[in-house]
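Enquirer: Could you have a look at this structure, given as C-alpha cells, before my questions?
The values are calculated or read from the model by the stated rules, or taken from the named source; none is laboratory data. Model, not experiment: these values are computed from the prediction. Here the Cβ positions follow ideal geometry from the backbone for every residue, glycine too, while neighbour counts run over all protein chains shown. SASA here: full protein model, heavy atoms, side chains in, ligands and nucleic acids out. Shrake-Rupley method; radii C 1.70, N 1.55, O 1.52, S 1.80 Å.
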Amino acid sequence: MLIQHSDGGGSTMQVLSVTSELYPLIKTGGLADVAGALPIALKEQGVHVRSFLPGYRIVMGKLQNPKVVKTYRNLFGQKAAILSDHVEGHDVFVLDCPKFFDRPGGPYVDETGVDWEDNWRRYAALSKAAADVALGCLKDWQPDIIHAHDWQAALSLAYVRYSKLADIPRIITIHNLAFQGRYDASIFKKLGLPKKAWAMNGVEYYGGTGFMKAGLTSADVITTVSPTYAHEIRRPENGMGLDGLVNHRAKDLHGILNGIDDEVWNPPEDPYITKQYSQLTYLNRRQNRFDLETEFGLFHDEDPLFVVCSRMTWQKGVDMLVDLLDELVPLGAKFAVLGQGDHAIERGFLAASQRHPGRVGMKVGYEEPIAHRMQAGGDAILIPSRFEPCGLTQLYGLRYGCVPVVTRVGGLADTIIDANEAAVAQGSATGIQFYPPDHFQLKQAVVRAIKLYNDKTAWNSMQRAGMRSDFSWGRSAARYVDLYRQVLATYQEKKTIKPVQRSIRAAQ
Ligand code: ADP
C-alpha cells in the first residue's frame with residue numbers, strides 16, 4: 001500500500017526491514033552496520049524504511065519515546081508488545097518481550113559464548129510479529145515490501161507467504177550463508193505455519209526445520225552482499241548445503257555490494273581518534289599510530305604495524321595468523337589484534353603477545369572506539385578470511401588509509417585492487433590480495449606488504465588510492481530501490497491482470 005504522508009512527500013515506498021541487529025542500537029558484526037546504514041541511504045532515494053528488531057536489554061535502554069502499537073497475550077508462550085519509536089535517526093519497531101530478550105550476554109549467545117537454547121523460539125517470535133505488521137495488523141501503517149536480513153529474520157517471509165490476509169513482495173538479504181538457523185523437525189509444529197509449509201519448497205531442510213531455507217524459498221527476490229559471493233554460494237564449497245536451492249533461484253539472486261556509512265567512518269570527524277585527518281593531511285596518521293602502539297603496548301619504531309579487528313573464528317582465517325606469528329615477527333612486523341570468539345584463537349594471540357612483548361599486542365573484547373583507532377593508526381589491516389560475503393573492515397581500511405591485505409574471496413575480491421606491478425606503476429593499487437587462503441600465501445602476502453611498506457612512494461600511493469575510492473552507499477542503495485520497484489511492479493501486475501488475461505498472455 002503506497003501511503004500518502006502528512007509530510008507532503010507524496011506517495012513514498014514503504015519498506016519493513018526485519019533484522020536482529022542495527023547500529024547504533026545493537027551490533028555484533030557487519031549486519032548491524034548494513035541494517036543501520038541502508039535505511040538512511042534509501043531515505044535519500046525516496047524510500048521510507050521502518051526497521052523491526054528485538055527488544056534486547058541494550059536496545060530497550062536506548063529507546064527515546066516508545067509507544068505500544070500492538071500487544072500479545074501469548075506470543076510463543078510469552079507476553080509481548082510491539083513498540084514504535086524514532087531513535088538515532090531510525091524509525092523502529094521493537095519487539096518487547098522480556099522473557100526472550102531481556103538477558104545478559106549477547107544477542108545470540110550467553111555470557112559464556114554458548115548459543116541461547118531457545119534461539120529458534122526467540123527469532124520465530126521476532127519473525128511472526130514482524131509478519132503481523134507486514135500483513136497489516138497496525139491501523140496506520142503497512143509496508144509495501146518486507147525485507148528480511150539473515151536467518152534470524154528469514155521466517156518472517158514464510159509467515160507472510162503462507163498467510164491468507166495479504167500478499168506483499170518479500171525480499172531476503174543473505175549476509176552470511178554459514179549461519180542458517182537449522183533446528184529439529186519437531187519444532188515445526190510449534191511455529192504456527194500451515195502443514196503445507198513442511199515441504200521441500202518451504203521450511204523443511206534435510207529432514208529438519210531451516211529458517212534460512214524458509215526465507216530463501218519464500219522470497220521473491222534474494223540478494224547477497226557482493227557479486228563474487230553471489231557466485232560463490234552457487235558452489236558446494238560455499239553454499240553450505242543450500243547451493244542447490246541457490247542455483248534453483250539463480251535468476252532471482254542479486255549480488256549488491258555493501259556500502260559504508262561515511263559519517264560514522266569518517267577520518268576528518270571521527271570522535272574516537274586523537275588526530276583527525278583528510279585525504280590531504282593523511283600523514284597526520286602518525287600521531288594515531290603512535291597512540292595505537294601505546295594502547296597495545298607495542299614499541300614505537302618504524303616497522304609496519306599490522307592490525308586485525310575481527311571475530312576470532314575459522315571463517316576469518318585468524319588461526320593461520322596465530323600459527324605464523326613466530327615467523328612473521330622476525331621479518332620486521334608488529335601486530336595489534338582486537339577480537340573475540342573462539343577461545344583457542346584468543347589464547348593463541350595472547351600467548352604470542354607474551355612471547356613477543358612490544359611486537360604483538362592482543363585485546364580480547366568488542367570495542368567500537370578501538371576499532372576506529374586501529375583503522376586510523378594501523379599501517380595495514382590483515383583480513384585472511386577463508387570466505388567473506390562482503391567484509392566491511394577492508395572498506396573502512398581504504399577510507400582510513402590503512403592498507404588492506406586480504407584473501408581474494410567474496411567481497412574482498414570485489415573491493416581491493418591488488419598491488420601487482422602494473423597497478424603499482426599506474427597508482428591504482430589499493431591493497432594486497434592473496435589466494436588461496438593458506439599459511440604459505442598468507443606469509444607471502446605479509447612479506448609483500450613489508451616490502452611495499454619500505455618503498456614509501458609505492459605505499460603512500462596505495463594509501464591515497466584507497467582513500468580516493470568511493471564505497472559510500474549511494475550506488476548500492478539505488479540497486480535496492482530498482483529491485484524494490486521491479487518486484488512491486490510484478491505484484492501490481494499480478495493484481496491487475498485477471499486470470500483469463502493471464503492465460504491469454506501465456507498462450508502468446
Ligand atoms: P562480520 O560481520 O563477518 O563480523 P564484517 O567485516 O562484515 O565482518 O563486519 C565486522 C564489523 O564488526 C566491522 O564494523 C568491525 O569494525 C566490527 N568489529 C569486529 N570485531 C570487532 C571488535 N572486536 N571490536 C569492535 N568492532 C569489531
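Enquirer: Can you tell me which residue among Asn288, Asn284, Asn238, Asn247 is at pLDDT below 95 and either open to solvent by less than 60 Å² (accessible area, probe 1.4 Å) or in contact with a Lys or Arg (Cβ under 7 Å, 6 or more places away or on another chain) (or both)?
Expert: Going through Asn288, Asn284, Asn238, Asn247 in turn, just one is at pLDDT below 95 and either open to solvent by less than 60 Å² (accessible area, probe 1.4 Å) or in contact with a Lys or Arg (Cβ under 7 Å, 6 or more places away or on another chain) (or both): Asn284.
Enquirer: So which residues in segment 46-69 are of a type outside the set (S, T, N, Q), farther than 15 Å from Leu138 by Cβ and free of Cβ contacts under 8 Å to residues at least 24 places away in the same chain?
Expert: The answer is Gly61, and nothing else.
Enquirer: Within segment 87-110, can one find any residue that is within 16 Å of the ligand (Cβ to nearest atom), more than 30 Å from Asp184 (Cβ to Cβ), open to solvent by less than 50 Å² (accessible area, probe 1.4 Å) and modelled with pLDDT of 95 or more?
Expert: Among the residues of segment 87-110, not one is within 16 Å of the ligand (Cβ to nearest atom), more than 30 Å from Asp184 (Cβ to Cβ), open to solvent by less than 50 Å² (accessible area, probe 1.4 Å) and modelled with pLDDT of 95 or more, which makes the answer no.
Enquirer: Looking at segment 53-74, which of its residues are small (Gly, Ala, Ser) and surrounded by 15 or more Cβ atoms within 10 Å (Cβ to Cβ)?
Expert: Gly55, the sole residue that qualifies.
Enquirer: Being open to solvent by 20 Å² or more (accessible area, probe 1.4 Å), of a type in the set (Gly, Ala, Ser) and over 14 Å from Ala380 (Cα atoms) is the filter here, so list the residues in segment 447-482 that pass it.
Expert: Hits for segment 447-482 are Ser469, Ser472, Gly474, Ala478.
Enquirer: Right, something else. Considering only residues that are open to solvent by less than 10 Å² (accessible area, probe 1.4 Å) and over 17 Å from Thr294 (Cα atoms), which ones fall in segment 350-364?
Expert: Scanning segment 350-364 gives a single hit, Ala352.
Enquirer: Test each condition in (1) open to solvent by 40 Å² or more (accessible area, probe 1.4 Å); (2) within 29 Å of Gly36 (Cβ to Cβ); (3) touching a helix residue (DSSP H, G or I) at 6+ places or on another chain (Cβ under 6 Å) for Glu295 and report the one that comes out false.
Expert: Failing condition for Glu295: (3).
Enquirer: Condition check: open to solvent by 20 Å² or more (accessible area, probe 1.4 Å), touching a residue at least 12 places away in the same chain (Cβ under 8 Å) and aromatic (Phe, Trp, Tyr). Does Phe211 satisfy that?
Expert: no
Enquirer: Go through (1) closer than 13 Å to Gly401 by Cβ; (2) in contact (Cβ under 8 Å) with a residue 60 or more places away in the chain; (3) not in a loop (DSSP other than H, G, I, E, B) and name the single condition Gln279 misses.
Expert: Exception for Gln279: condition (3).
Enquirer: Next up: Give the residues of segment 397-430 that are among the small types (Gly, Ala, Ser) and buried (at least 18 other Cβ atoms within 10 Å of the Cβ), sorted by residue number.
Expert: Correct list: Gly397, Gly401, Gly410, Gly411, Ala413, Ala419, Ala429.
Enquirer: Please count how many residues of segment 250-273 are open to solvent by 30 Å² or more (accessible area, probe 1.4 Å), assigned to a loop (DSSP other than H, G, I, E, B) and away from the ligand (no atom under 13 Å from the Cβ).
Expert: Of the residues in that region, 3 qualify.
Enquirer: For segment 13-32, enumerate the residues that are open to solvent by 10 Å² or more (accessible area, probe 1.4 Å), under 28 Å from Gly365 (Cβ atoms) and in contact with a helix residue (DSSP H, G or I) (Cβ under 9 Å, 6 or more places away or on another chain).
Expert: Answer for segment 13-32, where residues must be open to solvent by 10 Å² or more (accessible area, probe 1.4 Å), under 28 Å from Gly365 (Cβ atoms) and in contact with a helix residue (DSSP H, G or I) (Cβ under 9 Å, 6 or more places away or on another chain): Tyr23, Pro24, Ile26, Lys27, Gly30, Leu31.
Enquirer: Going residue by residue through segment 416-425, is there one that turns out to be under 28 Å from Ala178 (Cβ atoms) and within 16 Å of the ligand (Cβ to nearest atom)?
Expert: yes
Enquirer: On to the next question. Out of all the residues in segment 298-311, which are among the charged types (D, E, K, R) and surrounded by 15 or more Cβ atoms within 10 Å (Cβ to Cβ)?
Expert: Those that are among the charged types (D, E, K, R) and surrounded by 15 or more Cβ atoms within 10 Å (Cβ to Cβ): Asp303, Arg311.
Conditions tested, residue by residue: (1) within 16 Å of the ligand (Cβ to nearest atom); (2) outside any strand (DSSP E or B); (3) not β-branched (Val, Ile, Thr).
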residue: Ser20; (1), (2), (3): yes, yes, yes
residue: Thr28; (1), (2), (3): yes, yes, no
residue: His48; (1), (2), (3): no, no, yes
residue: Asn65; (1), (2), (3): no, yes, yes
residue: Lys70; (1), (2), (3): no, no, yes
residue: Ile82; (1), (2), (3): no, no, no
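Enquirer: Which one of these is in contact with a Ser or Thr (Cβ under 9 Å, 6 or more places away or on another chain), modelled with pLDDT of 95 or more, open to solvent by 10 Å² or more (accessible area, probe 1.4 Å) and within 24 Å of Pro227 (Cα to Cα): Gln433, Gln394?
Expert: Criteria check complete, one pass: Gln433.
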